[in-house]
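Here the structure is laid out as structure tokens; the discussion comes afterwards.
Rule-based calculations on the coordinates, nothing more; no lab input. This is a predicted model, so every value here is computed, not measured. Here Cβ is always computed from backbone atoms with ideal geometry, including for glycine, and neighbour counts include all displayed protein chains.
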Amino acid sequence: MLAFVVGGLREIGEPARKAMIVDLVRPSLRARSVGLYYLIRSVAIAPAAFIGGVLWSVTPALPFWMAGAIGLVGVVVFAATVEERYA
């Protein structure tokens, strides 16, 4: 049950993310932009379960370590490219 709660917490920023995307688009294209956002998001994350399964078959700890490494790369890229006033 805790995993579902934690998984649901990632959706807290979803309305703000959508609003930021929609705000950049012409009013006549806003509905399409939301649809395109969800299409790109779904296509990008669809292979995740398969990849996670492959990593798990190597060793159950590997998906955890890979996710940690990818997250660490994201933190480093963010820290190196975003000015402190915009962070």
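Structure notes:
- Helix 14-23 axis, angle to the chain major axis (alpha carbon atoms, nearest 10°): 40 degrees
- The long axis of helix 62-81 is offset from the longest Cα principal axis of the chain by roughly 40 degrees.
- When the GluC sites (Glu not before Pro) in the chain are filtered for DSSP coil states and for at most 16 other beta-carbon atoms within 10 Å of their beta-carbon, the remaining sites are Glu83.
- The chain: angle of helix 48-58 to the longest principal axis, Cα-based, in degrees nearest 10: 10 degrees
- Of [x] 1.25; [y] 1.40; [z] 1.01, the label for Cα Rg over 2.2 N^0.38 Å derived from the coordinates: [y]
- Calculated FRET value between Val54 and Met20, using beta carbons and R₀ = 41 Å, to 0.05: 0.75
- Counting 0.36 nm for each residue step from Tyr37 to Leu9 and taking away their Cα separation leaves a gain of 8.1 nm.
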